[in-house]
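Visitor: Following this message is one structure expressed as structure tokens.
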Amino acid sequence: MKGDRVEIVVDAGDTTRTYEVVASRAGRRVETAVRRGVVEVSEVTRSGSVVRTARFMATRVLALVEQPVPREEPSEAAARAARPLGDDPES
């Protein structure tokens, strides 16, 4: 879903580096996979086409942090849609 992010922290010898893969458009998602000693993070469309991929050696990856966009409950979405325009309960 648009806004989903995955942060990858990698050991770069004397320091660490942080990389981000973000679902940049509506309908895209971020998928992670670990295969044969390689961590692969991909941005994927609804149809399953890979837009871009980041690959790292698994032995160098220190952290892999998935940060999904907060989803709202269907009841909250219905309540927001039923409220008249300009009726903001937080103001």
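A short reminder: the numbers here are calculations on the coordinates, not readings from a lab. It should be emphasised that the depicted structure is a prediction, and the values quoted were computed from it without experimental measurement. Cβ coordinates were reconstructed from backbone atoms using ideal geometry, including for glycine residues, and neighbour counts include every protein chain displayed.
Visitor: Between residue 26 and residue 2, what length in nm is gained on full extension when 0.36 nm per residue of separation is reduced by their alpha carbon distance?
Guide: Numbers: separation 24, 0.36 × 24 = 8.64 nm, distance 0.48 nm.
Net length gain for the segment: 8.2 nm.
Visitor: Please give the residues of the range 32-63, grouped as numeric ranges, whose backbone N is less than 11 Å from a label point set 7 Å along the Cα-to-Cβ vector of residue 9.
Guide: From the range 32-63, the list is 62-63.
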